[in-house]
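Report on one structure; see the data block that follows.
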């Protein structure tokens, strides 16, 4: 299943129900992954790893990353919708001024204002719901490995978890640089990896040493060019 947040803004009930699957969080949760293309399953990274490190993600870092994602891909759509309904509502206001007794103009103006409110309310509701859903995963551990032609993210399980009767291994996620839509946003605290505008991974700089940060930054800039964005915030 793929959910393109840039199109629906995360503002539908269907998105709310499926949002945990969409936001793999850097975040590989401990559920079965949907089927991947056969070539992705069989792909083997070329050469030795350039670097690798274990990490976790705090709830506030997830919230910061998702807010940045929304500002980049969702807020633009929201502002377009807001502008359109604002213009239409002003037209109805003008009609109301000319004919205050026109009941329909009042109703349609109110509908426009409700649509503006709903657009922004649902955007923030989705973020609140997502943060609540991910709060139980804050202590999970992951491993990031960078190769020349891809990177791999896998869940790190404890011995206790692996010995549990209901333990189910999670297949590592391998992202090939050559065949995927990939965007990176780096700020003072995070590397935010966005795949196809639908899946987000968060790498916190607090757990990455300076040498690895530099290597990761240089490699991804080399691969992505303009799709690697540095934010001052």
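The values are calculated or read from the model by the stated rules, or taken from the named source; none is laboratory data. Just so it is clear, the model here is predicted, and its values are computed rather than measured. FYI the Cβ positions are ideal-geometry reconstructions off the backbone, even for glycines, and counts take in every protein chain you see.
Here 44, 111 are screened, and the one residue that is in a loop (DSSP other than H, G, I, E, B) and more than 26 Å from residue 206 (Cβ to Cβ) is 44. If you check residue 119 against the conditions, is it within 21 Å of the chain's Cα centre (by Cα), within 30 Å of residue 187 (Cα to Cα), modelled with pLDDT of 90 or more and assigned to a helix (DSSP H, G or I)? In short, yes. Please indicate, with yes or no, whether at least one residue in segment 118-130 is in contact with a helix residue (DSSP H, G or I) (Cβ under 9 Å, 6 or more places away or on another chain) and under 22 Å from residue 170 (Cβ atoms). So far as segment 118-130 goes, yes, one or more of its residues are in contact with a helix residue (DSSP H, G or I) (Cβ under 9 Å, 6 or more places away or on another chain) and under 22 Å from residue 170 (Cβ atoms).
Let's see how each residue does on (1) closer than 24 Å to residue 175 by Cα; (2) over 12 Å from the mean Cα position of the chain (by Cα); (3) modelled with pLDDT of 90 or more:
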residue: 23; (1), (2), (3): yes, no, no
residue: 32; (1), (2), (3): yes, yes, no
residue: 46; (1), (2), (3): yes, yes, no
residue: 52; (1), (2), (3): yes, yes, yes
residue: 66; (1), (2), (3): yes, no, yes
residue: 83; (1), (2), (3): no, yes, yes
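One residue stands out among those in segment 123-140 that are touching a residue at least 12 places away in the same chain (Cβ under 8 Å) and surrounded by fewer than 16 Cβ atoms within 10 Å (Cβ to Cβ): the one that is farthest from residue 161 (Cα to Cα), which is 125. When residue 174 is tested against the conditions (1) in a strand (DSSP E or B); (2) at pLDDT below 90; (3) within 30 Å of residue 84 (Cβ to Cβ), the lone failure is (3). Is it true that residue 231 is under 14 Å from residue 56 (Cα atoms), surrounded by 12 or more Cβ atoms within 10 Å (Cβ to Cβ) and within 18 Å of the chain's Cα centre (by Cα)? Considered against the rule, which asks whether it is under 14 Å from residue 56 (Cα atoms), surrounded by 12 or more Cβ atoms within 10 Å (Cβ to Cβ) and within 18 Å of the chain's Cα centre (by Cα), residue 231 comes out as no. Looking at residue 143, is it surrounded by fewer than 17 Cβ atoms within 10 Å (Cβ to Cβ) and under 25 Å from residue 223 (Cβ atoms)? Yes. Of all residues in segment 186-227, those being within 16 Å of residue 64 (Cα to Cα) and assigned to a helix (DSSP H, G or I) number 2. All of (1) exposed (fewer than 14 other Cβ atoms within 10 Å of the Cβ); (2) touching a residue at least 24 places away in the same chain (Cβ under 8 Å); (3) touching a helix residue (DSSP H, G or I) at 6+ places or on another chain (Cβ under 7 Å) hold for residue 171 with one exception: (3).
So is residue 104 more than 22 Å from residue 198 (Cβ to Cβ) and more than 34 Å from the chain's Cα centre (by Cα) or not? Against the criterion (more than 22 Å from residue 198 (Cβ to Cβ) and more than 34 Å from the chain's Cα centre (by Cα)), residue 104 qualifies. Suppose we filter segment 87-111 for residues that are loosely packed, with under 15 Cβ neighbours inside 10 Å, under 28 Å from residue 123 (Cβ atoms) and touching a helix residue (DSSP H, G or I) at 6+ places or on another chain (Cβ under 8 Å); how many remain? The number of residues fulfilling the criteria is 1. Of all residues in segment 184-204, those satisfying the criterion of being over 12 Å from the mean Cα position of the chain (by Cα) and surrounded by fewer than 18 Cβ atoms within 10 Å (Cβ to Cβ) are 187, 188, 189.
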